[in-house]
1. Take residue 11 and residue 38, extend 7 Å from each Cα along the Cα→Cβ direction, and tell me the distance between the two endpoints in nm.
2. Once you have a ≥ b ≥ c as the square roots of the Cα gyration tensor eigenvalues for region 1-59, tell me rounded if a/c is under 1.5, and otherwise prolate or oblate according to whether a/b is larger than b/c.
3. Read phi for every residue in region 49-56 and hand back ³J(HN,Hα) as whole Hz from Karplus 6.51 cos²θ - 1.76 cosθ + 1.60, θ = phi - 60°, with x for Gly and Pro.
4. I'd like the Karplus ³J(HN,Hα) series for region 37-45: coefficients 6.51, -1.76, 1.60, θ = phi - 60°, whole numbers in Hz, and an x wherever there's a Gly or Pro.
5. Sum up the charges of everything whose Cβ sits under 12 Å from the Cβ of residue 44, counting Lys and Arg as +1 and Asp and Glu as -1, but leave residue 44 out.
6. What distance in nm separates the simple spin-label points at residue 20 and residue 65, each placed 7 Å from Cα in the Cβ direction?
7. So, counting K/R as plus one and D/E as minus one, what does the shell of residues with Cβ under 11 Å around residue 30 add up to?
Amino acid sequence: MAFTKEGMERLAFIKNINAIRHESDAIENGTTQWIENSVPEHVITFARVSKKQRLIVAVNTKNATLTVEMIQKKRKSLQRYSGCSCYRSTQIS
């Protein structure tokens, strides 16, 4: 079966996301906490939190690089992310 370059990239992305899902306690067993952000019309932000892990997700719905500030009320912290396509999690000890 022949795939286009875009199709191969999409397949690799899906495989990567699927692997993350199986490796992440926060996704498998956690709860969802919605997070306020500075551009809610273009970015959806939330955390998946379990006893072992906290995973923050920012979904950019605009076809452009954006800078977003996320405010987590319980932690009273401000986090700034700009133009990243990354997987970063925090292990809770």
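1. In this crude spin-label approximation the distance works out to 4.0 nm.
2. In terms of gyration-tensor shape, oblate.
3. Once rounded to whole Hz, the list reads 10, 10, 5, 9, 7, 10, 10, 9.
4. With coefficients 6.51, -1.76 and 1.60, one gets 9, 7, 9, x, 6, 10, 10, 9, 10 Hz.
5. My count for the surroundings of residue 44 gives -1.
6. 1.9 nm
7. +2
Where a number appears in this text, it was derived from the coordinates with a stated rule and is not lab data. All values derive from a computational prediction rather than experimental measurement. With ideal geometry, Cβ positions are generated from the backbone for all residues, glycine too; neighbour counts draw on all protein chains shown.
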